[in-house]
Amino acid sequence: MAQILAPSMQWQMRMPKYSNIASPMTTKMWSSLLMKQNKKGTNRSSAKFRVLALKSEDSTVNRLEDLLNLDITPYTDKIIAEYIWIGGTGIDMRSKSKPVEHPSELPKWNYDGSSTGQAPGEDSEVILYPQAIFKDPFRGGNNILVICDTYTPAGEPIPTNKRHRAAEIFSNSKVSAEVPWFGIEQEYTLLQQNVKWPLGWPVGAYPGPQGPYYCGAGADKSFGRDIADAHYKACLYAGINISGTNGEVMPGQWEYQVGPSVGIDAGDHIWCSRYLLERITEQAGVVLSLDPKPIEGDWNGAGCHTNYSTKSMREEGGYETIKKAILNLSLRHKEHISAYGEGNERRLTGKHETASIDSFSWGVANRGCSIRVGRETEKQGKGYLEDRRPASNMDPYVVTSLLAETTILWEPTLEAEALAAQKLALNV
Ligand code: ADP
Ligand code: MN
Ligand code: MN
Ligand code: MN
């Protein structure tokens, strides 16, 4: 049973004028649709719209869609802003909408933090600060999506607000002078809604082993392409710096890349792209999982490889800076691992194109290392590095700012540096 909004009598009379209605309603159909006439004594004007039930097997009028597509610009100068923020788990996304005058005049707003696990009931207000604006591909027009971060009423960032600290690091003059670029490869898994088992997999059983699925095509190899493609277009429309998509090694798993983006933008763009993916999978009746190892056993996990470079790395002789960055990263392996996503120990096993979580390694073109340097970067003597450790559910604000901090701001002792250089065969 689908629900439709039935118009007042006045509207019903005008119905046939609407050319996009597939089959005009007969009087008989209407009388079967109208559940109840106005009870006597009710105010006529309060019953302009009634929600009615309708069987929609034979493509009856989908008037909800008409309403969703209504052009409201002739009637209001306001636009709809969807305020988006990160909830209490640090990975769930929440949003609510309000009309605003103009994108340049976005007010702060608040929400009930006790309902998102972010504030106690007796002092529940969390304040949303608008930080980044994207176009809204769902509402279209001039409507917008607004990525926000979250504060107490006293103006302190709440614990799940990782953007605040990241923005501080990226505005450090030493960091901004290095114009840090990030290219993030977001992997994700699509699950069947009711059984929470990957899309395309037989329920309660497994598909054939991995091999034919990566970048594959065909009904027995590619599951969920419409979602990946719809998401790609939605990102482009929104203004997200998306740079590609591909089907992954595990069937039902996909990847898209965002970047290179500079500094804090990388985090804003990834979070907005994740929000779009939640909305699109919601519409498709498919569940999005960012679990780093959704299926145990001989199945690839899901990561969020973070490709990174600084100005010095991109310039002539940049390979020396890349090696020094790898050296610093090796000395802070534990700190990075603890900030790279929940459950990552299930993924970083040393198998399935990962390095073991317990040891740091690097290599040229080696996908079994913590850090991979591309052949092209080695050949050119400049370029970027790929940190393969972050999990699909990592917070991009945390990962990008920590990379910048460790490689631009942090300095090891000379002794530690010498030891690490020897161990990793890095002569810097
Ligand atoms: P992989 O071969 O690991 O699958 P992808 O092609 O999926 O690599 O992703 C590589 C990412 O690296 C892209 O998002 C790309 O924009 C990004 N990238 C390219 N050059 C740089 C650079 N100099 N600094 C940071 N990121 C970069
Ligand atoms: Mn990739
Ligand atoms: Mn991948
Ligand atoms: Mn990669």
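What follows draws every value from the coordinates through simple rules; no lab data is involved. Bear in mind that the values here come from a model prediction, so they are computed numbers and not experimental data. Here Cβ is always computed from backbone atoms with ideal geometry, including for glycine, and neighbour counts include all displayed protein chains.
Candidates in region 236-259 are the residues that are in a loop (DSSP other than H, G, I, E, B) and away from ligand 3 (no atom under 16 Å from the Cβ); of these, the one that is nearest to Glu386 (Cα to Cα) is Asn241. The criterion of at least 1 residues that are aromatic (Phe, Trp, Tyr) is met, among strands (runs of 3 or more DSSP E) falling completely within region 340-428, by 362-364.
A search for C-beta distances below 6 Å between a residue of region 165-188 that is touching a residue at least 40 places away in the same chain (Cβ under 8 Å) and within 16 Å of ligand 2 (Cβ to nearest atom) and any residue that is assigned to a helix (DSSP H, G or I) and of a type in the set (Ser, Thr, Tyr), counting only pairs 6+ apart in sequence or on different chains, returns Phe182/Thr400. Beta carbons closer than 6 Å, at least 6 apart along the sequence or on distinct chains, pair a first residue in region 366-383 that is in contact (Cβ under 8 Å) with a residue 40 or more places away in the chain with a second that is within 12 Å of ligand 1 (Cβ to nearest atom) and aliphatic (A, V, I, L, M) for Ile371/Leu385; Val373/Leu385. Scanning region 206-235 for residues that are assigned to a helix (DSSP H, G or I) and under 14 Å from Asn246 (Cβ atoms) turns up Arg225, Ile227, Ala228, Asp229, His231, Tyr232.
Return yes when Tyr206 is within 16 Å of ligand 4 (Cβ to nearest atom) and not charged (D, E, K, R) and no when it is not. Even if it seems obvious, please write down each step before you answer.
Values: within 16 Å of ligand 4 (Cβ to nearest atom): no; not charged (D, E, K, R): yes.
For Tyr206, the condition - within 16 Å of ligand 4 (Cβ to nearest atom) and not charged (D, E, K, R) - is not met.
Regarding Gly301, is this residue out of contact with any Asp or Glu (no Cβ under 7 Å at 6 or more places or on another chain) and crowded, with 24+ Cβ neighbours inside 10 Å?
yes
Any idea which of Ile270, Ile264 is closer than 23 Å to Val287 by Cβ, among the β-branched types (Val, Ile, Thr) and away from ligand 3 (no atom under 14 Å from the Cβ)?
Details: Ile264 fails: closer than 23 Å to Val287 by Cβ.
Answer to the selection: Ile270.
Among residues of region 339-359 that are touching a residue at least 60 places away in the same chain (Cβ under 8 Å), those with a beta-carbon under 7 Å from a residue that is outside any loop (DSSP other than H, G, I, E, B) and surrounded by 15 or more Cβ atoms within 10 Å (Cβ to Cβ) at least six positions away or on a different chain give the pairs Ala339/Val398; Ala339/Val399; Ala339/Leu402.
Among the residues that make up region 353-373, is at least one of them among the β-branched types (Val, Ile, Thr) and more than 26 Å from Glu315 (Cβ to Cβ)?
Just the residues of region 353-373 that are among the β-branched types (Val, Ile, Thr), to begin with: 354, 357, 364, 371, 373.
Filter once more, keeping what is more than 26 Å from Glu315 (Cβ to Cβ): 354, 357.
Checked region 353-373: at least one residue is among the β-branched types (Val, Ile, Thr) and more than 26 Å from Glu315 (Cβ to Cβ).
Scanning region 312-351 for residues being of a type in the set (Val, Ile, Thr) and within 28 Å of the chain's Cα centre (by Cα) gives a total of 3. Residues that are in contact with a helix residue (DSSP H, G or I) (Cβ under 7 Å, 6 or more places away or on another chain) and of a type outside the set (S, T, N, Q) are absent from region 193-211 altogether. Checked against the criterion of being within 16 Å of ligand 1 (Cβ to nearest atom) and out of contact with any Lys or Arg (no Cβ under 7 Å at 6 or more places or on another chain), the candidates Tyr232, Tyr206 yield just one match: Tyr232.
Would you confirm, using the coordinates I've provided, whether Gly244 is away from ligand 1 (no atom under 16 Å from the Cβ), more than 22 Å from Ala404 (Cα to Cα) and either in contact (Cβ under 8 Å) with a residue 40 or more places away in the chain or surrounded by fewer than 18 Cβ atoms within 10 Å (Cβ to Cβ) (or both)?
Values: away from ligand 1 (no atom under 16 Å from the Cβ): no; more than 22 Å from Ala404 (Cα to Cα): yes; either in contact (Cβ under 8 Å) with a residue 40 or more places away in the chain or surrounded by fewer than 18 Cβ atoms within 10 Å (Cβ to Cβ) (or both): yes.
Against the criterion (away from ligand 1 (no atom under 16 Å from the Cβ), more than 22 Å from Ala404 (Cα to Cα) and either in contact (Cβ under 8 Å) with a residue 40 or more places away in the chain or surrounded by fewer than 18 Cβ atoms within 10 Å (Cβ to Cβ) (or both)), Gly244 does not qualify.
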